[in-house]
Every structure is written in C-alpha cells, then in structure tokens.
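Here is the structure we will look at, set down as structure tokens.
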Amino acid sequence: MALESTPNHTQTVAGWAAHDSSGKIVPFIFKRRETGVNDVSIKVMYCGICHTDLHFVNNDWGITMYPVVPGHEITGVITKVGSNVKNFKIGDRVGVGCLAASCLECEFCKNSQENYCDQIQFTYNGIFWDGSVTYGGYSDMLVADHRYVVRVPDNLSMDAAAPLLCAGVTVFSPMKDCQLVESPGKKVGVVGLGGLGHVAVKMAKAFGHHVTVISTSPSKETEAKQRLGADSFIVSTNDEQMQRGKRTLDVVLDTVSAQHSLGPILELLKVNGTLALVGAPDRPIELPSFPLIFGKRSVKGSMTGSMKETQEMMDVCGKHNITCDIELIKPDQINQAFDRLARNDVRYRFVIDIAGNSKL
C-alpha cells in the first residue's frame, strides 16, 4: 500500500500479527487512521478468537494479506467520537464484529442486509474506503465507522459477550430467518457443540424450543443436557439413534466446519423442514437428492448478520442473559490457543484479555 494514499494514518497502535503462512503471532506496531467525522475510537478490552482467524493466519483460503492482525469479536469502550456521530458517546460499552465497510448504496445496504453487499469489507484483511488494509481486534485500540458498531448491554460481561459479535450473530441470523426468535414450541436441532453450537443451544432454549444436539462425540451428552439445557442428544455415528430421530425436527442448524454428509442430517427433518448451514467446510459438501425430494426439505446458508440484526441479537442476549462460555487468555498465549483451537480443544471460545483487566 502506497503511504501517500493513507496520509491520515498517524495513530501508532500496538497489536499482534502473523507475518507469513507459518501463522505465528508476534507483537506488531502499526498505524491506524485518525478518528474521522463518522468514526469512533475504541479502547479494545477483549477479543474472541474465531476459527476464521486460524484460516487467515495460515492463509488456508489463499487470500491473506500479510501482515494480518486478526480479530472480529471485539468489545471495548469508546474513547473518541467523530463530529457526525450522534448515537455514541465517550465511555459507551460497544462491540465490533466482522464488518468494517460496505458500499452504503446497493439494495442490501439500503435494506439492512449490508453483510450481503458485494463490496463488503471485513474488520481485518479487507480494504477500507481509504485504500488501506484493515487490521482487526488483536490490538489495543480500533477506529471504526459508527455504522458498524453496536452497543453491549450493561448486564453482559464484556469478555463473555465478545464472541457474540461473530459466533452469536452467525447462529441468531438463521434462527430469525426461520421464525424461531418469537415463535416458541418448535423442535430445533443443532449439529456440533463448539463455539457456534453452544451459543445456538442457549439461544434456542431461551426462545422456548425443544433442542436436540447432534454430535459425533457421545462424551458431550452430559454437557449438552446438564449445563447447556438441551432436551435430547443424538450421536450422529449411532445408526439406531439417527433412525429414531427421523422426521422429528422442524429446523436444524449445522455449525460443523469439517467435511460431512448432509444426507443423514436431512433425514432428521420433518416434511418441509429447513437445514441452515453456518459452518464452512473448505471442500464441497455431500448433498444427496432423495432426502430433499422425499421430504420437501430446504437447505440454506447464512452469513453472520446485518448491523441491525447484530444489535437485536445483543439486546436479546441482554434480555435473556446469554453469553458465551469462554476461556480467557493473555496475548502471549495466542499461539498456544491457536494450536488448541486447531485440535478443537476449547470449551467453547478463547477470548484474549487485550487490556489486561482480566475482568471488567
């Protein structure tokens, strides 16, 4: 990036970045833009570690622009407010998720679906309006356009609320789409009990549904039922249990990002049921036609959520006191956390204590 194109990048910031596909995170000093008329500056308190961060630091998708400062599950406190910003003030508790900019003019931007704008730019590894590469929340401060910032309800702890900015809205959005947020009494399945799945279970229970967890790990049954409140548990490798579960569910949220066949999961759906995919396996998934045809079932995808939806999700989580189950780490433990995340050894989300507060 030519320095001339970003002359207002004058704020020196400390953060943590990967410089090559080894994915090793090291301390990194860089520049952020001045707080513009539509911006807020945020002192970053906490930042969740998402599976996406792992893919980007290792360049798994072949699109990483190094150095990359990951992090799009950010909570913090506003320290500066641009002159056009009326809805935030200094001291507000706020969150920043995956979105940093969009075109503001297309049908999706005008219809509160800006996450589907084809010019969407993400909180890190994106290209901002001024031509600079975006750097994420693994840093001590952030400058964000106020239109991509949400409030964090006062009753939610800032550390456990951080992963809601990605994991939370990623499962909330399809639930809203499938009319699960305000119409209780449905049978909802959640495939995978990880960072996304555990939040999905909490939300579905809070919205008044009967929840079945579908997992390859029999050992997670106690956790799913006793701690997260799931009503039923199906081991997906157990043919007898899968057989018993046929045509019992209205909606299934599939949060698994590993390769798997959708056929057996589709069979669990009632006629007219919906399978919503939010996990992103890197290879095409197997989708047999018979379970679709013989059950008039639908398969749909969903990506994070709009800013309006993200704020609604935060407010709903405030109302029901929903946060993520987290393991708090210090910045010097990021590399160990990445290694453990790659082995799925986390219950259920790592969150970096950026400001060193340990609690706020």
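The values are calculated or read from the model by the stated rules, or taken from the named source; none is laboratory data. Owing to the predicted nature of the structure, the values given are computational and were not obtained by experimental measurement. All Cβ positions, even for glycine, are placed from backbone atoms using ideal geometry, and neighbour counts span all protein chains on display. Side chains are part of the model used for accessible areas, which takes the heavy atoms of the whole protein and leaves out ligands, DNA and RNA. Shrake-Rupley method; radii C 1.70, N 1.55, O 1.52, S 1.80 Å.
Among the residues of region 154-172, is any under 15 Å from the mean Cα position of the chain (by Cα), of a type in the set (D, E, K, R) and in a helix (DSSP H, G or I)? Yes, region 154-172 contains at least one residue that is under 15 Å from the mean Cα position of the chain (by Cα), of a type in the set (D, E, K, R) and in a helix (DSSP H, G or I). Scanning region 129-143 for residues that are of a type outside the set (D, E, K, R), more than 26 Å from residue 334 (Cα to Cα) and touching a residue at least 60 places away in the same chain (Cβ under 8 Å) yields one hit, 131. The residue of region 204-240 that is most open to solvent (accessible area, probe 1.4 Å), among those that are in contact with a His (Cβ under 8 Å, 6 or more places away or on another chain) and either under 22 Å from residue 328 (Cα atoms) or among the charged types (D, E, K, R) (or both), is 231. Of everything in region 132-179 that is of a type in the set (Asp, Glu) and farther than 20 Å from residue 351 by Cα, the residue that is surrounded by the most Cβ atoms within 10 Å (Cβ to Cβ) is 145.
Candidates in region 117-131 are the residues that are open to solvent by 30 Å² or more (accessible area, probe 1.4 Å) and of a type in the set (Phe, Trp, Tyr); of these, the one that is nearest to the chain's Cα centre (by Cα) is 122.
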